[in-house]
Amino acid sequence: MLNLLRIELFKISRRPRTYIAFAAIAAIVFIFQFAFKADGESYMNLMLQSVKDTFEFEKVRAINGYFMCYIILNTLLIQVPILVALIAADSISGEANMGTLRLLISKPISRTQLILVKFAAATIFTILLLLWMAITSLVFSLLIFGADDMLIFRSKGDESQILLITKDDVIWRYLAAFAYATVALTVIAALSLFLSIFAENSIGPIIATVCIVIVCTIISNINVPIIDKNVKPFLFTSYLVGWKGFFYIATTDEGVPIKGSIENWTAIRNSLLILLLHIGILVAASVIVFRKKDILS
Amino acid sequence: MVRMLKWILPAVFIFVGVSGKTQVDANALIKKVSATIDKVNNYEASGKMKTNVTFLKVPESVVKIYFKKPNKLKIKNEKGISFVPKGAVSINLSNIINGGKYTALDAGTDKIGNILVRVIKLLPEDDNADVVLSTVYIDEANLVIKKAKTTTRENGSYQLEMTYGKYIAYGLPDKIIFTFNTKDYKLPKGVTFDFDDGAAVKKTTPETLKKNQGMAEITFDSYIINKGVPDTVF
Amino acid sequence: MSSIIRVSHLSKQFKDTRAVDDLSFTVNEGDVYGFLGQNGAGKSTTIRMLLSLVAPSEGEINIFEKKLSTHRSEILRQVGAVIEKPDCYKYLSAYDNLSIFARMSGMKVSRQLLMKQLQMVGLADRAGSKVKTFSQGMKQRLGIAVALVHDPALIILDEPTNGLDPQGIADMRNLILKLSNEMGKTVLISSHLLSEIELIANRMIIIHKGKKMVEGTVADLLDPAHSLIQVETDNNAAAKEKLKQTNWVSFLQNDKQLRLMMNKEEVPRLISDLVAMEVQLLSVSSSHSLENYFLSLTTLPGYVEPFAN
């Protein structure tokens, strides 16, 4: 099994398309960093439009490494599923397209093993992608912008809030957020893998994955009570942004943030469980379908 | 604002007409208080600031407060980020009563806690000044302002409540509670995809605050008085 | 001699087509077994079932005297295959491809062994080149190297000469003969060309529309006794009637044309008999019946089956 995984990772590492994802992330992150370095104040003014007459604060300090990473993740984690799909959706369909699938299947490896190894490889790719994101968006941002207290702009129901997390209380939240994002993106990997079983080229499952993510994300963001209650809890995309939960710091009755706290750990834990359940179901379904599939490519 | 002025202005004129005699006392009292405040040319103080605004969840922060005559004031958080209410510049009391371009009206007495205070209304003579009306509550025994309410054209109404201790001789408080008007905070639509963690919106504003009011509480630990403050800090 | 492959009553039903229909055959140890059929006859589907790519709808496959459905990994460890096109990972080098598939077969690989294998198929000097730069023939040779790298006892080649030039076809033929004669491998080779099979196979099967038409040794099936003699006269019907009166009746084919299935060596006697019966002969031609039969599967749907199973 480990031998197979090594082979799979070797194959992924030798494909040019693997590096597209890493390059794309670096490009997006650097554009963000450049833009905020040049004119971050405008962004702050936009976010604080309605209260800029009431308060003054040091915008330059607010645009720091921690804040940048949050802004970048906020945008990037919506696009990254595409990058994960790029590799994961190729798992089976790419082999079918290249004609190597029939060779793989005629080797003394069980199909279950093959799917599990493909899934493991896609997961490792996802982890590396997030690690790369952490390096570019957090480490590089900290080097460029420095560390300071972190502001979180959040809308909650009809209300908007500004949360302040002191700089000594941030890093563990990022570690937790990246770990959560890994689980969330692994759902995408599992979905792509599942779809890739049905296709004989990788374009179909990539597009299908992206469409599913986009449609569900849009539905997840429609603020209509009937959808909130009846549809959203069943969409995995509602839980993809759960990493943000680690930045929703709990407050005292006086509205003072409590250092080291999370507002609603139960919600995050439940989201994680739901995502893990998705992964389990998708991987199991992949194994079942793939075992029964006639390889005609 | 205009609506408010409609009420306040006639009321002020009635005062002027009825109690012309006490007006002198009021002016004299203000002068005495001013003299106390005038002892301070500049100061650098360290303290803690606690903010209480519905939408703002910020921790208590360690701040430095710099003041220089006549009306320069800066609140700085050296270790992190603080949201400083813009009107907080008026915690500089001299800003309210110095300059002398006002009409002082005696509005009787009141009680803050157990202390009997004189209530004096200050009307700026300059019709275009931002401050429309200030009401100050003066502790006559110590010649310090215990409370001040200010109505401005642009920045709503403020209220200051002072508690004094060691630095009472300079008219410098140990604690200021600053109440001010805020607008509703609204994030621009569509810039964030938020995680709905299902937690109920917690009501964190005390009962004493009205809707759209915020509060900042500054507790001073120490003052360095009249040792000079460079202009660069402002 | 033990059977290496034993297929019994194998069928595969795809949605609305029966690709393989009640097929049974046996491949013995050391055989070069020809698997002949037109395109779409069910050859590939059968081979895919042998390699567990496709699950049979009915029937059973035993390889090395073990059930494929229950001993899959064990069996496949000893099987090497080239299925249709010899596809490899185009973005990897020949060496890397070979290494990957060898390791997937459960082998411990060494550089020496892999290079030896590449040498055998004449790709040693291109070991480091990416497969996307290879010609069809080179890919084919790499495919063979991949199929043989783990030293399998059974080699399955699905249309291995497709897309090869005449030299490539000759090389392939020699390789297969070498595998069989010198290395004692059992080979199953599919083709739609009888000419190809008859040169290398010792046993063969012809399938058509998923069904077995004929199976046997090549020597038997290509016996000159099974020649098809076509006679053209000025009046075929009359000539046929005349032949029916003689001993030749047992060789006559039951169709409108005047055709006899017989030993080629008897042709001079047939001609002299016809001449004696005053039949005006226009031409007499001979072909091997199997070739004719094989061609007829697609060209003459009404043709009567000459071989009894």
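Figures for the structure shown
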{"read-out": "Residues satisfying the stated conditions in region A:1-20, i.e. within 11 Å of chain C (Cβ to nearest Cβ) and at pLDDT below 90", "value": "A:N3, A:R15, A:P16, A:R17, A:T18"}
{"read-out": "Set A:F290, A:F198, A:F194: member being outside any helix (DSSP H, G or I), hydrophobic (A, V, I, L, M, F, W, C) and either without any contact (Cβ under 8 Å) to a residue 24 or more places away in the chain or away from chain B (no Cβ under 14 Å) (or both)", "value": "A:F198"}
{"read-out": "Region A:220-248 - residue that is more than 7 Å from chain B (Cβ to nearest Cβ) and not in a helix (DSSP H, G or I) and, of those, nearest to B:S82 (Cα to Cα)", "value": "A:N223"}
{"read-out": "Pairs with Cβ under 7 Å, 6+ apart, first in region B:126-137 and over 8 Å from B:T150 (Cβ atoms) and free of Cβ contacts under 8 Å to residues at least 60 places away in the same chain, second acidic (D, E) and outside any loop (DSSP other than H, G, I, E, B)", "value": "B:Y137/B:D110"}
{"read-out": "Residues satisfying the stated conditions in region A:16-33, i.e. buried (at least 16 other Cβ atoms within 10 Å of the Cβ) and either touching a strand residue (DSSP E or B) at 6+ places or on another chain (Cβ under 9 Å) or closer than 15 Å to A:S91 by Cβ (or both)", "value": "A:T18, A:A21"}
{"read-out": "Residues of region C:48-72 that turn out to be part of a strand (DSSP E or B) and more than 22 Å from the chain's Cα centre (by Cα), as a count", "value": "3"}
{"read-out": "Residues of region A:36-85 satisfying the condition of being without any contact (Cβ under 8 Å) to a residue 24 or more places away in the chain, among the charged types (D, E, K, R) and facing another protein chain (nearest Cβ under 7 Å)", "value": "A:D53, A:E56, A:E58"}
{"read-out": "Considering residues of region C:96-128 that are more than 14 Å from chain A (Cβ to nearest Cβ) and loosely packed, with under 15 Cβ neighbours inside 10 Å only, the residue nearest to C:A153 (Cα to Cα)", "value": "C:K116"}
{"read-out": "Region A:104-149 - residue that is in a helix (DSSP H, G or I) and among the charged types (D, E, K, R) and, of those, farthest from A:I12 (Cα to Cα)", "value": "A:R111"}
{"read-out": "Residues that are at pLDDT below 75 and more than 30 Å from A:F57 (Cβ to Cβ), drawn from region B:89-126", "value": "B:G100, B:K101"}
{"read-out": "Residue satisfying condition, being at the interface with another protein chain (Cβ under 10 Å from one of its Cβ atoms) and touching a residue at least 24 places away in the same chain (Cβ under 8 Å), within set A:F153, A:F145, A:F178", "value": "A:F153"}
{"read-out": "Hits in region C:176-193 - residues which are within 16 Å of the chain's Cα centre (by Cα) and surrounded by fewer than 22 Cβ atoms within 10 Å (Cβ to Cβ)", "value": "C:L177, C:S180, C:H192, C:L193"}
{"read-out": "Hits in region A:249-287 (condition: more than 8 Å from chain B (Cβ to nearest Cβ), outside any loop (DSSP other than H, G, I, E, B), of a type in the set (V, I, T) and touching a residue at least 12 places away in the same chain (Cβ under 8 Å))", "value": "A:I274, A:I279, A:V283, A:V287"}
{"read-out": "Residues of region A:54-95 satisfying the condition of being buried (at least 22 other Cβ atoms within 10 Å of the Cβ), part of a loop (DSSP other than H, G, I, E, B) and acidic (D, E)", "value": "A:D90"}
{"read-out": "Some residue of region B:179-187 being out of contact with any strand residue (DSSP E or B) (no Cβ under 7 Å at 6 or more places or on another chain) and either at pLDDT below 75 or within 30 Å of A:F247 (Cβ to Cβ) (or both)", "value": "yes"}
{"read-out": "Pairs with Cβ under 6 Å, 6+ apart, first in region B:62-84 and more than 11 Å from chain A (Cβ to nearest Cβ), second aromatic (F, W, Y) and surrounded by fewer than 19 Cβ atoms within 10 Å (Cβ to Cβ)", "value": "B:K72/B:F234"}
{"read-out": "Matching residues in region C:63-87 - criterion: being closer than 21 Å to A:R291 by Cβ and more than 9 Å from chain A (Cβ to nearest Cβ)", "value": "C:I63, C:K66, C:K67, C:L68, C:S69, C:T70, C:H71"}
{"read-out": "Positions within region C:73-116 being outside any helix (DSSP H, G or I) and farther than 24 Å from C:S135 by Cα, in sequence order", "value": "C:R77, C:Q78, C:V79, C:S105, C:G106, C:M107, C:K108, C:V109, C:S110"}
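The values are calculated or read from the model by the stated rules, or taken from the named source; none is laboratory data. Keep in mind it's a predicted model, so treat the numbers as computed, not measured. Reconstructed Cβ throughout: ideal geometry from the backbone, glycine too, with neighbour counts over all protein chains shown.
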